[in-house]
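Structure first, commentary second.
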Protein chains: 2
Amino acid sequence: MLNLIIAEAALELVPHEISGHASARNEAKRRGIKSSETLLDRSIHHHAMLKLLDGAKRGRPDLVHLTLLSITSTPLYLEGGVKVYIHTGDNTVLDLEKRTRPPKSYARFRDLVQKLLVERPESGLISVHESTLPALLDRIRPDLAVGLSTQGKTSSLEALAVELSKASNPAVLIGGFPKGHFTPETVAKLDELVRIHRESLDAHVVAARLIYELEREG
Amino acid sequence: MLNLIIAEAALELVPHEISGHASARNEAKRRGIKSSETLLDRSIHHHAMLKLLDGAKRGRPDLVHLTLLSITSTPLYLEGGVKVYIHTGDNTVLDLEKRTRPPKSYARFRDLVQKLLVERPESGLISVHESTLPALLDRIRPDLAVGLSTQGKTSSLEALAVELSKASNPAVLIGGFPKGHFTPETVAKLDELVRIHRESLDAHVVAARLIYELEREG
């Protein structure tokens, strides 16, 4: 079984620094909730985000949703062959029970994730806890931990799938952010950093191809 | 170059029969537009849709968005190797100029498509015209037209990619609806109906895998 980690994902509630900004207040008012309980979203909070540290890597819940759907709609996932974790840039982990199907509608996904990040349930189909990436890997204890990154050594996805299928508890990290790279702390915990294409690919494209190769291999 | 048709897609404006329904009126009011100028969406109009003919095949703009993104984020598409058409269940065709990138945010995609379906521009990055599927194929004039369907004969995607790469102007149809099958009129225009998996797969999964196989083949 593959442990698939959407790592350092651009998924978080609106942070304190900008929760009073007009864009955050208006969106929250329109939806009848507190701005600190809505998701940070570049398509809504772009201007306010300019003052956030590391802003370019944050506020893309749409990418996380897309990536999740590209995984959870596959035969391998539906058969229980993939366990998904979403690790966010602010070190929260959403741990999905195997075979859990997230909502296909973005609005429903957004509402669900907001509720999860506010309520932080410790059990259920999706549980939530605080954890760094190294701590998450210490918990999973993979015998092979591979990160996919344009900073890695070049390999084909086929070759990677062969290697993963030989491991007993492999973990693959896909960056859940629009731009940038894994932090050095994350890279330090990996056995391999692999580049599967000459250009940078969107996380959902990478996830879809990885799972397809694993199905072919299996 | 591949002509990729998202066929009989569950994408349309709210039809006259239900535009006065509370769910349609409330959604339109909330967004400050006419209900007849919003997209039919099962996650909003579920109850009203129960009285629509062929309702199970309609009202899933989210699936069309997902499928489009799974195509337009790929290297093959970005290099101009794929031309995309969205043919809707009510016989409207959205014709995307090669390399056109649709919005990744669902809300922005929805707003764009609503505007396109209302204004029906005859030129631009995305042009809109009325056309049946057979008429669209007559215009494209493919030397090989393949539909992907669980009603087709079993083949691997690899074998299909080999066949497509030998054609000079191939067209592939992927169903843009959540359930059901192509109409007999559509099937009658195809050279082949191919089944690539034992289970029914979501359109976005099929599109992602098809393009990946074509890249490998190319």
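Every number here is computed from the coordinates shown, using simple stated rules; none is lab data. Owing to the predicted nature of the structure, the values given are computational and were not obtained by experimental measurement. All Cβ positions, glycine included, derive from the backbone under ideal geometry; neighbour counts span all protein chains shown.
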Only one residue in B:89, B:81, B:20 is surrounded by 15 or more Cβ atoms within 10 Å (Cβ to Cβ), over 21 Å from residue B:129 (Cβ atoms) and not charged (D, E, K, R), so which one is that? B:81
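Provide a single number: the residues in the stretch B:118-136 that are assigned to a helix (DSSP H, G or I) and out of contact with any strand residue (DSSP E or B) (no Cβ under 6 Å at 6 or more places or on another chain).
Filtering the stretch B:118-136 for residues assigned to a helix (DSSP H, G or I) gives B:118-119, B:133-136.
Imposing the further condition that a residue be out of contact with any strand residue (DSSP E or B) (no Cβ under 6 Å at 6 or more places or on another chain) reduces the set to B:118-119, B:134-135.
Here the count works out to 4.
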Of all helices (runs of 4 or more DSSP H) completely enclosed by the stretch B:143-218, which ones contain at least 1 residues that are among the hydroxyl-bearing types (Ser, Thr, Tyr), surrounded by fewer than 15 Cβ atoms within 10 Å (Cβ to Cβ) and away from chain A (no Cβ under 14 Å)? B:157-166
In the list A:215, A:192, which residue meets the criterion of being touching a residue at least 24 places away in the same chain (Cβ under 8 Å), more than 25 Å from residue A:42 (Cβ to Cβ) and in contact with a Pro (Cβ under 9 Å, 6 or more places away or on another chain)? A:215
